[in-house]
């Protein structure tokens, strides 16, 4: 699974709004600058987030965006699926966008990718914005797990 730039930017902005939950609206300019998102691109993302009912906007000088729903009710799985479509690492194990494969009847590694899909979906669907926001950012040392150093491309 690879998260698109659009989904990445949407999550950045949602977490910025989680941090300001209950404190009033945040302007588009502030959201774009604080999250290193091009403002024109963010305008489209905010329309999508608003259409899903995840954010609300208010006009005027003191206006901007707020979360429209409590952060406990929005999951990373919902957001990534909305912007990227599927969580499956390969089309032949996707439920929402299944792609036929000529090797399906004999493929041995398909089972592993199905398990990856299931674990990813379970983890992403259980990760609410509130729960993730309560955690700590990943440190550099955490990225280097000695158990995975033999694999390239991690």
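The values are calculated or read from the model by the stated rules, or taken from the named source; none is laboratory data. On a predicted model such as this, the values are computed, not experimentally measured, just so you know. Note that each Cβ is placed from the backbone with ideal geometry, even for glycine, and that neighbours are counted across all protein chains shown.
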Query raised in the report: Among 31, 42, 113, 49, which is more than 21 Å from residue 9 (Cβ to Cβ) and either part of a helix (DSSP H, G or I) or under 19 Å from the mean Cα position of the chain (by Cα) (or both)?
Result: 113
Requested in this report: Considering only residues that are in a loop (DSSP other than H, G, I, E, B) and surrounded by fewer than 10 Cβ atoms within 10 Å (Cβ to Cβ), look in the stretch 116-143 and name the one that is modelled with the highest pLDDT.
Outcome: 135
Report task. Those residues that are part of a loop (DSSP other than H, G, I, E, B) and crowded, with 17+ Cβ neighbours inside 10 Å, I need them from the stretch 66-88; list them, please. Result -> 74, 86, 87, 88
Query raised in the report: Does the stretch 17-26 contain any residue that is in contact with a strand residue (DSSP E or B) (Cβ under 7 Å, 6 or more places away or on another chain), surrounded by 13 or more Cβ atoms within 10 Å (Cβ to Cβ) and part of a helix (DSSP H, G or I)?
Result: yes
